[in-house]
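Remarks on the structure that follows.
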Amino acid sequence: MYAQIVKTDGTGVKALEEMTPEERAFQERIDADQKIEPKEWMPEGYRKTLVRQISQHAHSELVGQLPEGNWITRAPTLERKAILLAKVQDEAGHGLYLYCAAETLGISRDEMFEQLHSGKAKYSSIFNYPTLTWADIGAVGWLVDGAAIMNQVPLQRTSYGPYARAMVRICKEESFHQRQGFHIMMKMASGSEAQKRMAQDALNRFWYPSLMMFGPSDKDSVHSAQSMAWKIKINTNDELRQKFVDQTVPQAKYLGLTVPDEAVQWNEEKGGHDFSEPDWDEFFSVLAGNGPCNKERLQARVDAWDGGEWFRDGLMANAAKNKNTSEEAA
Ligand code: BYC
């Protein structure tokens, strides 16, 4: 059905009959659910869309370490600290698989970092919100990782092989992350009155930002139609947002917490929950750099890059020395 609207140059909509034989053959492979591999021919728009999405996804994993890293030294028990440390390390690993997948499309890691540090490349809006209490770490695992899984499980079937394969392992780890977050929420919600209040407050603050993770509503999504035609995306933003609400509302009930939206109720006719849209002005403002933590997050990444320069230089010098030595020996 999408083959009718495939853009091949990223600038316009091309009908199937307007495609070159190469483009048409490519689309037929996509339609037949064949994976596209790095060295194979692909339309330039397909390559660019993947580089944009995969690199932004990778950046989200790295920036996503910051709000949780903030609580490693303050985790309430040694066990919680070890779990959180492992989770934050996993996020670094996800970033690395994703940067590797993007590199197979002909962009270097340095270029991707440059795009992040200059503000050209985005990362997920959610990480521009602060983690104020320990309950926020529960809410991040439960809601943010929950939303990430909802988005990423279908991406295991995305058409680009290296991206799809990276997703398989990432999804396994994200499920553990989501469970640990829910477990923190269970403890808090069944604890003292003060702990319950913290859990409710964390849900209140993270609910709408989590809904925003799925991207703008379908009518405002710039890339969805083309990305779905190429099976880079498998679902629309609104479809996944609906699934997330349907999964999460019963979980909140189980915790004895209230989703901060009076419009939330089961709609028998549509077979899903009704719910209020997030404040899209806030979403676009966060994307434009005006969220509560945008400047701090980006600065932390720039500082990490600058602070690691001596180490990268050392590695390069050592690699050059080893190369010279092995050439002399040969
Ligand atoms: N935040 O046309 P649309 C995680 C941008 S974190 C910021 O619908 P698309 C985790 C979008 O990039 C989750 N920007 O775009 C890590 C586009 O701008 P550009 C990360 C957003 O790409 C640590 C514009 O808005 N997951 O896993 O078709 C701890 C128009 O949007 C957002 C991924 O990245 C946003 N929320 O759909 C815990 C998954 N939404 O690029 C968890 C892979 C939209 O033209 N990515 N924008 O300047 C995707 O599935 C898609 O890229 C999106 C957006 C659904 C996010």
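Would you please list the contacts, defined by Cβ atoms under 6 Å and residues six or more apart or on different chains, that run from a residue in region 98-110 that is aromatic (Phe, Trp, Tyr) to a residue that is open to solvent by 10 Å² or more (accessible area, probe 1.4 Å) and in a helix (DSSP H, G or I)?
Tyr99/Arg109
Mind checking which residues of region 122-160 are more than 8 Å from the ligand (Cβ to nearest atom), open to solvent by less than 30 Å² (accessible area, probe 1.4 Å) and farther than 23 Å from Ala252 by Cβ?
If the condition is that a residue be more than 8 Å from the ligand (Cβ to nearest atom), open to solvent by less than 30 Å² (accessible area, probe 1.4 Å) and farther than 23 Å from Ala252 by Cβ, then Asn128, Pro154, Thr158, Ser159, Tyr160 are the ones that fit.
Taking Leu84, is it in contact with an Asp or Glu (Cβ under 9 Å, 6 or more places away or on another chain), open to solvent by less than 10 Å² (accessible area, probe 1.4 Å) and either in contact (Cβ under 8 Å) with a residue 40 or more places away in the chain or more than 23 Å from Asn237 (Cβ to Cβ) (or both)?
Yes: the conditions hold for Leu84.
Being more than 16 Å from the ligand (Cβ to nearest atom) and of a type in the set (Ser, Thr, Tyr) narrows it down to one residue among Ser227, Ser276; which is it?
The unique qualifying residue is Ser276.
Scan region 161-183 for residues that are more than 14 Å from the ligand (Cβ to nearest atom) and aliphatic (A, V, I, L, M) and report the count.
The qualifying residues number 1.
Taking only pairs six or more apart or across chains, which ones have beta-carbon atoms under 7 Å, a first residue in region 220-246 that is open to solvent by less than 50 Å² (accessible area, probe 1.4 Å), and a second residue that is of a type in the set (Lys, Arg)?
Correct list of pairs: Ser224/Lys233; Gln226/Lys7; Ser227/Lys233; Ile234/Arg157.
Give me the residue from region 97-117 that is open to solvent by 10 Å² or more (accessible area, probe 1.4 Å) and within 13 Å of the ligand (Cβ to nearest atom) and, out of that set, nearest to Arg169 (Cα to Cα).
The extreme case among them is Tyr97.
Out of the helices (runs of 4 or more DSSP H) lying entirely within region 263-330, which hold 1 or more residues that are touching a residue at least 40 places away in the same chain (Cβ under 8 Å)?
Hits in region 263-330: 280-285, 294-307.
In region 273-325, which residue that is surrounded by 10 or more Cβ atoms within 10 Å (Cβ to Cβ) and among the aromatic types (Phe, Trp, Tyr) is nearest to Asn204 (Cα to Cα)?
Phe275
The values are calculated or read from the model by the stated rules, or taken from the named source; none is laboratory data. Just so it is clear, the model here is predicted, and its values are computed rather than measured. All Cβ positions, even for glycine, are placed from backbone atoms using ideal geometry, and neighbour counts span all protein chains on display. For the accessible areas, the whole protein counts, side chains as well, though only heavy atoms, and no ligand, DNA or RNA atoms are used. Shrake-Rupley method; radii C 1.70, N 1.55, O 1.52, S 1.80 Å.
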